[in-house]
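S.K.: This is the structure I want to talk about, given as structure tokens.
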Amino acid sequence: MKNNILIPSLLVGIAIVIAGYFIGNMHKTGIDSERYVQVKGLSEREVEADLAVWPINIILAGNDLKNLKELIENQNEEVYQFFIDQDFNAGELTKGMVNITDAASRLYGNNAANTGFRYTAKSEFTVRTNDIKKLQKALGESLILMSEGIVLGSKNEWQPIEYIFTGLNDLKPSMIEEATKNARQVAEKFARDSDAEVGPIKIARQGLFSIENRDLNTPQIKIVRVVSTIDFQLIN
């Protein structure tokens, strides 16, 4: 009879001990999983723009409509030929339409009396190239056109030439890797100060890539930057 009671009691006791062990271990694991550090990793690259866009305006004014139209069309052809002589090809040059405004036809804001000219003609011309040095050379040589009475104006006065970097996708993998390594270094410094070790990544948040001019004087040089936010598990 005693044995019949003892054996079930012993089994129940063993079960309680085992259950207690697992419950305690789960609690410890749960606490450990809450120990992490959130850090930011930075990666930067200095790169040269690989695309330039120069939107040009040619503007003339006069009172003889026919003569003005011929004059601006001739200047448009001269500008086109100038860039051809500077080794640009037809695919890099885009001629826009010639627009002529009659100041006398405006009901409001009539400036014809102030300027002395009734008609204003504007021709748009765009240079788009991957050869940055060639464009910068042409920019310096464009003074030749001024000596011929042709004044080139930029469509965007605040940014005469737009410099663009198009190779971001090629940089992304290595920059993300560098940002992650940088974040781990920061986490390891924190862990040493906390008498812990850095474990695996718990959560990783990739930041947005940004491309900015290095400074106002060299817009053809870009700074590519990304900041990643990463949570690392901490281990005792």
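S.K.: Restricting attention to the stretch 143-172, which residues are modelled with pLDDT of 90 or more, in a helix (DSSP H, G or I) and either open to solvent by 100 Å² or more (accessible area, probe 1.4 Å) or farther than 12 Å from Phe209 by Cβ (or both)?
M.R.: So in the stretch 143-172, the residues modelled with pLDDT of 90 or more come out as 161-172.
Checking the rest, the ones that are also in a helix (DSSP H, G or I) come to 168-172.
Asn169, Asp170, listed by residue number.
S.K.: Residues being in a helix (DSSP H, G or I) and open to solvent by less than 80 Å² (accessible area, probe 1.4 Å): count how many of those fall in the stretch 185-203.
M.R.: The initial filter retains those residues of the stretch 185-203 that are in a helix (DSSP H, G or I), namely 185-193.
Filter once more, so that each one left must be open to solvent by less than 80 Å² (accessible area, probe 1.4 Å): 186-188, 191.
Residues flagged as in a helix (DSSP H, G or I) and open to solvent by less than 80 Å² (accessible area, probe 1.4 Å) within the stretch 185-203 amount to 4.
S.K.: In the stretch 59-76, which residues are in a strand (DSSP E or B) and under 23 Å from Leu143 (Cβ atoms)? Explain how you work it out, then say what you get.
M.R.: Start the filter on the stretch 59-76 by keeping residues that are in a strand (DSSP E or B), which leaves 59-62.
Selection gives Ile59, Leu60, Ala61.
S.K.: Kindly list, by first and then second residue, each pair from a residue in the stretch 204-217 that is surrounded by 12 or more Cβ atoms within 10 Å (Cβ to Cβ) to a residue that is among the aromatic types (Phe, Trp, Tyr) and not in a strand (DSSP E or B), limited to pairs with Cβ atoms under 8 Å and residues at least 6 apart or on different chains.
M.R.: From the stretch 204-217, the pairs are Ile211/Phe165.
S.K.: Return the residue satisfying two criteria in turn: it lies in the stretch 88-116 and is at pLDDT 85 or above and assigned to a loop (DSSP other than H, G, I, E, B), and of such residues it is farthest from Asn156 (Cα to Cα).
M.R.: Asn89
S.K.: How many of the residues making up the stretch 77-94 are in contact (Cβ under 8 Å) with a residue 24 or more places away in the chain and within 17 Å of Glu141 (Cα to Cα)? Give the steps one after another, and end with the answer.
M.R.: Kept after step one, since they are in contact (Cβ under 8 Å) with a residue 24 or more places away in the chain, are these residues of the stretch 77-94: 78-80, 82-83, 86-88, 92-94.
From the residues that got through so far, the ones that are within 17 Å of Glu141 (Cα to Cα) too are 78-80, 82-83, 86-88, 93.
Summing the residues that are in contact (Cβ under 8 Å) with a residue 24 or more places away in the chain and within 17 Å of Glu141 (Cα to Cα) in the stretch 77-94 gives 9.
The values are calculated or read from the model by the stated rules, or taken from the named source; none is laboratory data. Only a predicted model underlies this, so the values are computations on that prediction, with no experimental measurement involved. Heads up, the Cβs are rebuilt from the backbone with ideal geometry, glycines too, and the neighbour counts pull from every protein chain shown. Protein only, heavy atoms only, side chains kept; ligands, DNA and RNA dropped before computing areas. Shrake-Rupley method; radii C 1.70, N 1.55, O 1.52, S 1.80 Å.
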